[in-house]
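Read through the structure below, which is laid out as structure tokens, and then see the notes.
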Amino acid sequence: MNKNLLAVFIFLVSLIATQVSGQVLVGRDFWDRSSEDYDDYTRCFTQWSLSPTWSVSARQGFWYHDDPFLNYRYSFMPEVPFIAKYGEEYKFRNKILVITASSDMLEIAPRNLRQGIIPNINQFQNIGEVIAIADLRCFVTAVITGKGTHPDTETLVGKEFNIGYHGLLAWYNSHVNEHPDIVTFSRDLPMGMFVPKGILAASAETFPMERISNVHVSCHRVDDNPHPHISPDNARFVPIAEISSFWTVAKIGDNGENIYVTYHLLCNTPRSSDAVRRAVYENDDFNVMLTAVKQVGEDLNLDEFSKGVLRDWVENIVHVSRPFNAHQDPFSPTEEPPKLAHENYHGFNVVEYRGKFYGIQQDQGAFYMSKIENGDYNVSFDGNSLEAVQARITDYVTPKLDFENYHAFNIIEYMGGFYGILQNEGAFDINRIMNGGYSASFAGNSQAQVRERIDDHLN
């Protein structure tokens with residue numbers, strides 16, 4: 001008997017060791033309605049961890065699903081929102097890749113998203129532990145979305161799209177009523193978008209940005225049409241770059257106790273969508289696949305902004321997917337942990353660590369010295385005093401006139417970028433730029449690039 005127990009123990013230890021060393025496993029590919037009229041299922045990878053794991057509810061497709069309360073009338077994966085163009089018939093953008101993750105992914109989530117889940121949580125708290133103690137359920141995914149049913153001749157840049165949580169609402173209502181065939185139901189769901197890169201507000205009904213707010217979600221029939229309908233035309237946004245990224249969060253339940261967090265990468269042109277799709281489907285090894293996805297930026301010679309967004313998304317996934325090793329904690333028990341010296345100084349947190357001060361953008365997640373040393377933060381500043389770092393941040397966030405009156409445009413340098421606005425339209429305001437508040441504005445990575453775009457506009 002003891003030998004049998006010992007054998008079982010050795011087997012379990014070897015299994016755990018194998019899983020931990022691999023960390024990310026190939027999951028079962030799945031199908032949902034956003035895959036309709038598209039050749040392939042969505043690829044799925046699972047981050048294995050010692051904590052309880054989960055899998056997407058639609059992992060075998062809606063006709064062969066494991067969940068008896070998946071509503072086949074609204075056959076969308078509950079845990080990940082769809083992205084589509086609203087119309088009499090939705091034009092869905094397909095999910096190329098879904099990574100089901102543990103709460104470790106929230107390590108890189110922006111401050112305002114973390115505080116939207118747990119109010120007043122600070123930068124150095126383990127949000128996964130806090131969620132567990134509060135008896136909340138959090139489902140975290142990373143997803144790459146492609147062109148879907150949009151034709152190869154059509155760019156998706158500059159067009160309005162909707163984000164839909166209708167699959168989540170259908171799943172929740174079916175579970176509450178223990179009835180998978182409910183047709184008509186609606187609800188206001190708290191949701192929000194955070195750190196939108198290459199994304200602008202829509203003309204109306206914009207998805208809540210940098211905050212969580214209620215958005216109406218409705219599933220119903222229209223007149224005598226036997227097919228169920230999803231509406232309204234809200235939760236909209238506009239991609240303005242070939243590659244975009246953002247986080248979304250949604251809550252559902254009597255007290256919002258079920259939380260769904262998704263880290264999105266959008267491929268907004270046919271060539272980028274096809275290239276990333278090939279990288280995902282042609283590589284079964286997770287790390288090789290991510291390297292191939294990252295290489296797409298160089299292979300297609302994408303613009304510097306899109307390459308940066310793609311690189312940042314991939315490197316964040318790599319960071320949180322690293323094999324667990326208790327000896328690789330960012331701060332050992334014998335070291336003094338970092339101290340928050342100034343929170344939200346012009347959007348930066350200033351941290352004191354080992355006698356020096358470091359400023360990192362709040363939306364870049366927690367402070368790690370290794371990320372400073374490897375240059376993994378988009379922007380960071382260091383100095384020997386709090387005041388020195390604050391001065392560098394102030395200089396960085398202060399708009400500077402780089403070229404005055406270039407064909408009636410002023411060119412402004414701001415936070416590493418360059419912007420051209422008409423002189424007669426007032427002072428520079430980055431929020432007006434992002435919301436299309438100027439009659440004409442141009443952005444670029446250099447003064448020369450902005451001048452070239454102004455020339456193209458005038459010609």
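The values are calculated or read from the model by the stated rules, or taken from the named source; none is laboratory data. All figures in this text were calculated on a predicted structure; none of them were measured in a lab. All Cβ positions, even for glycine, are placed from backbone atoms using ideal geometry, and neighbour counts span all protein chains on display.
Give segment 384-420 a look and list any residue that's in contact with a Lys or Arg (Cβ under 8 Å, 6 or more places away or on another chain) and not charged (D, E, K, R), or say none. Correct list: Asn384, Phe403, Tyr406, Ile411, Ile412, Tyr414, Gly420.
When every residue of segment 328-345 is checked against the conditions, at least one turns out to be under 30 Å from Glu425 (Cβ atoms), surrounded by 15 or more Cβ atoms within 10 Å (Cβ to Cβ), more than 22 Å from the chain's Cα centre (by Cα) and at pLDDT 90 or above. Against the test of being in contact (Cβ under 8 Å) with a residue 60 or more places away in the chain, of a type in the set (Asp, Glu), in the same structural domain as Val217 (by TED's automatic domain parsing) and over 14 Å from Ala142 (Cα atoms), the options Asp312, Asp303, Asp254, Asp299 yield a single qualifying residue, Asp303. Here is a check on your reading of the model: is Gly148 at pLDDT 85 or above and of a type outside the set (Ser, Thr, Tyr)? Judged against the criteria, Gly148 is not a match.
Rundown of residues vs (1) out of contact with any strand residue (DSSP E or B) (no Cβ under 9 Å at 6 or more places or on another chain); (2) part of a helix (DSSP H, G or I), yes/no style:
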residue: Thr100; (1), (2): no, no
residue: Met105; (1), (2): no, yes
residue: Ala142; (1), (2): no, no
residue: Gly167; (1), (2): no, yes
residue: Val176; (1), (2): yes, yes
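For segment 125-140: of the residues being assigned to a loop (DSSP other than H, G, I, E, B) and in contact (Cβ under 8 Å) with a residue 60 or more places away in the chain, which is surrounded by the fewest Cβ atoms within 10 Å (Cβ to Cβ)? Once the filter is applied, the top-ranked residue is Asp135. Within segment 180-197, can one find any residue that is among the hydroxyl-bearing types (Ser, Thr, Tyr) and buried (at least 18 other Cβ atoms within 10 Å of the Cβ)? Checked segment 180-197: no residue is among the hydroxyl-bearing types (Ser, Thr, Tyr) and buried (at least 18 other Cβ atoms within 10 Å of the Cβ).
Identify the residue in segment 201-253 that is modelled with pLDDT of 90 or more, of a type in the set (A, V, I, L, M) and assigned to a strand (DSSP E or B) and, among all such residues, is farthest from the chain's Cα centre (by Cα). Per the stated criteria, the residue is Val217.
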